[in-house]
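*Asks:* Starting off with a structure, shown below.
Each value in this text was obtained by applying a stated rule to the coordinates, not by laboratory testing. Predicted model only: the values in this text are computed from it and were never measured. Every residue, glycine as well, gets a Cβ built from its backbone with ideal geometry; the counts of neighbours run over all protein chains shown.
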Amino acid sequence: MDFKLEDVIKLPDKGIADEIVEEISEKTGKSHQEVFSMISEKQERMNNLVSFEVVALIVAKEVGIDISKYLAVLEERIFNETA
């Protein structure tokens, strides 16, 4: 019997934060850990009042990434959480 591991194990889909971190990493040449640290530091400067995902969008925008594809997803998530 022949099977592939990916046929047996379904890996979770990447979250939106992971996608944003990946895109920032590619754009800046920084490691994922460096990008994660950048976002976390900015979040702390905002007194942790803003979610990691939203701060990631801010950082992405600051480095010149078009964030429009993420806005609708995050808007829906934010308003569904607060409803």
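*Asks:* Can you work out which of the residues in the range 44-62 that are free of Cβ contacts under 8 Å to residues at least 24 places away in the same chain and under 18 Å from Gly15 (Cα atoms) is surrounded by the most Cβ atoms within 10 Å (Cβ to Cβ)?
*Replies:* Val55
*Asks:* Another question, if that's okay. Scan the range 63-83 residue by residue and report those that are farther than 14 Å from Ile16 by Cα and loosely packed, with under 12 Cβ neighbours inside 10 Å.
*Replies:* If the condition is that a residue be farther than 14 Å from Ile16 by Cα and loosely packed, with under 12 Cβ neighbours inside 10 Å, then Gly64, Asp66, Phe79, Asn80, Glu81, Thr82, Ala83 are the ones that fit.
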